[in-house]
Amino acid sequence: DVLLCCLLFADVVPYRAPFFVSEVLFQLREQCGDLLQRRGGLHIYTTLDISLQEKAERLLKDDGQNPVRGTPDEAGEAALVAIEPATGAVRVLVGGRDFSQSPYNRAVLAQRSPGRYGELSMHGRILS
C-alpha cells in the first residue's frame with residue numbers, strides 16, 4: 001500500500017517503464033499476495049524491450065505536446081502496447097502520455113477498443 005501511495009502521488013517517476021513495472025507489481029501482488037511481503041528477494045524477468053519502451057513513451061509524450069490536429073490541451077490521452085506475434089510477449093506497454101501526471105494505466109484498464117490497423121501500422125513503422 002505504501003508503494004502504491006508513493007507511485008500515485010510522486011512528482012518524479014521512481015523507475016523506468018513505470019506503466020509496465022506498475023502492472024508487473026500489481027500482478028505479482030495479485031498472484032503471490034503476502035508471500036512477497038514475508039519472503040522478498042525476488043528476481044523478476046520480463047519480456048520488456050526497454051529501448052522500444054522508451055521510444056514509445058517519447059512518441060506518446062511528443063504527440064501530446066505537438067498533436068497533428070488541435071492544440072496540446074485537446075490532445076487527450078493515449079496508450080500503446082506492442083506484442084510479439086510469434087510468442088505473445090509484451091515488448092512495450094505505455095498506459096498514458098505522462099505517468100507522473102496520470103498513473104492510470106489506459107493500456108490495461110481502459111474499456112475502449114483498440115485503434116484501427118492503419119494507426120497501429122504507422123506506430124510500428126515509427127518505432128522501428
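The values are calculated or read from the model by the stated rules, or taken from the named source; none is laboratory data. As the structure is a computational prediction, the values presented were derived from the model and not from experiment. Glycine gets a Cβ as well: all are built from the backbone with ideal geometry, and neighbour counts include every protein chain shown.
In segment 69-87, how many residues are acidic (Asp, Glu), closer than 27 Å to Asp49 by Cα and modelled with pLDDT under 90?
1
Here's a check for you: in segment 56-86, which residue that is in contact with a strand residue (DSSP E or B) (Cβ under 8 Å, 6 or more places away or on another chain) and assigned to a helix (DSSP H, G or I) is farthest from Val108 (Cα to Cα)?
In this case the residue turns out to be Leu59.
With respect to Asp11, determine if the residue is among the acidic types (Asp, Glu) and at pLDDT below 85.
yes
Could you check segment 60-80 and list, in sequence order, the residues that are in contact (Cβ under 8 Å) with a residue 12 or more places away in the chain, among the aliphatic types (A, V, I, L, M) and surrounded by fewer than 18 Cβ atoms within 10 Å (Cβ to Cβ)?
Residue satisfying the conditions is Ala75 alone.
When you scan segment 35-51, how many residues do you find that are surrounded by 10 or more Cβ atoms within 10 Å (Cβ to Cβ), modelled with pLDDT of 85 or more and out of contact with any Ser or Thr (no Cβ under 9 Å at 6 or more places or on another chain)?
Selection size over segment 35-51: 5.
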